[in-house]
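First comes the structure, then the notes that go with it.
The values are calculated or read from the model by the stated rules, or taken from the named source; none is laboratory data. Not measured: the values here are computed from a predicted model. Reconstructed Cβ throughout: ideal geometry from the backbone, glycine too, with neighbour counts over all protein chains shown.
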Amino acid sequence: MGATTPGQSSIEVIHPDHPRGGFRFALFDFDGTLSLIREGWQGIMIPMMVEILLETGTREPREAVEACVRDYVERLTGKQTIYQMIQLATEVRKRGGTPLEPLAYKRLYHDRLWQRIEHRVAGLKNGTLHPQEMMVPGAEAVLRALRARGLSLFLASGTDRHYVEDECAALGLRDYFDGGIYGALDDYCQFSKKQVIERILRENELRGPELLAFGDGYVEIENTKEVGGVAVGVASDEVGRQAVDPWKRRRLIQAGADVILPHFGDHEALIAYLFPDE
């Protein structure tokens with residue numbers, strides 16, 4: 001599909017003719033792109049949803065319900081969490097049940113996820129866990145390199161804003177994002193990554209090719225390509241932290257990613273590639 005850069009097999013160039021250099025702003029997704037604090041979230045969300053759907057009394061085999069849930073959870077990954085909960089409510093209704101409000105489902109999910117990740121956040125804050133253990137390899141180095149080149153950095157996540165701000169600070173990354181940190185709101189119509197990108201372009205009189213985006217989900221990649229920006233897909237294996245995740249890679253390429261990385265371990269080669277005249 002793509003070509004690797006010379007001597008750097010971890011950087012896969014999908015669209016060799018994309019603009020390089022001249023970037024003024026960079027947008028980052030958070031979970032899976034920079035942070036690994038929420039690694040394993042699917043193992044919380046999917047069983048919770050299967051349990052709720054089985055409680056409707058459906059006669060479907062558990063395996064069929066799980067396949068249904070996995071399909072829409074994966075399809076909606078990258079969007080705000082509330083969209084997966086809206087779909088859950090729809091699936092409950094389809095099976096004759098009376099669903100809770102999607103926001104109630106989201107809070108239930110967050111409560112369960114917090115039981116999995118609370119010790120990670122606490123460990124980062126009290127110093128018993130090193131930030132590098134909870135980050136995609138090379139994440140801080142690439143942020144530092146982009147800031148050193150004068151780019152203004154933004155963070156936009158489908159996770160609730162107060163969680164993103166707290167976890168970003170726990171990783172010691174907060175000060176890199178001079179452009180601001182954006183995340184999901186209870187009034188989900190008031191936030192989207194598309195809105196953030198449009199705002200960046202409008203308020204800074206930015207041309208599309210001056211925007212560089214990094215993400216492991218299709219949303220930020222699609223939204224960036226729609227305005228003519230350059231999109232780097234981070235196909236991170238959140239458990240092993242080294243190899244390319246094949247599912248993420250396929251999805252990122254379908255969304256229009258110009259470059260695919262497994263992580264930022266080759267950040268020097270990446271920066272040299274993105275800024276060829278420096």
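Which of the residues spanning the stretch 77-129 are surrounded by 12 or more Cβ atoms within 10 Å (Cβ to Cβ) and not in a helix (DSSP H, G or I)? Within the stretch 77-129, THR77, GLY78, LYS79, GLN80, ARG95, GLY97, PRO99, LEU100, LEU129 qualify.
Taken together, the residues in the stretch 94-109 that are without any contact (Cβ under 8 Å) to a residue 60 or more places away in the chain and within 18 Å of ARG70 (Cα to Cα) amount to 5.
Of everything in the stretch 166-193, what is among the charged types (D, E, K, R) and either more than 24 Å from GLU222 (Cα to Cα) or buried (at least 19 other Cβ atoms within 10 Å of the Cβ) (or both)? Give them in sequence order. Give the steps one after another, and end with the answer.
As a first pass, look at the stretch 166-193 and keep what is among the charged types (D, E, K, R): 166-167, 174-175, 178, 186-187, 193.
Scanning the stretch 166-193 gives ASP166, GLU167, ARG174, ASP175, LYS193.
Being over 23 Å from ALA139 (Cβ atoms) and assigned by TED's automatic domain parsing to the domain that holds HIS15 is not true of ARG249.
So that you can scan it fast, the table gives a plain yes or no per residue for (1) more than 25 Å from SER157 (Cα to Cα); (2) of a type in the set (Phe, Trp, Tyr); (3) in contact with a helix residue (DSSP H, G or I) (Cβ under 6 Å, 6 or more places away or on another chain):
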site: ALA64; (1), (2), (3): yes, no, no
site: VAL69; (1), (2), (3): no, no, yes
site: LEU76; (1), (2), (3): no, no, yes
site: LYS79; (1), (2), (3): no, no, yes
site: GLN84; (1), (2), (3): no, no, yes
site: LYS94; (1), (2), (3): yes, no, no
site: THR98; (1), (2), (3): yes, no, no
site: GLU101; (1), (2), (3): no, no, no
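Within the stretch 168-191, no residue that is closer than 13 Å to MET135 by Cα and in the same structural domain as ARG120 (by TED's automatic domain parsing) sits with its Cβ atom under 7 Å from a residue that is of a type outside the set (A, V, I, L, M) and part of a loop (DSSP other than H, G, I, E, B) at 6+ positions apart or across chains.
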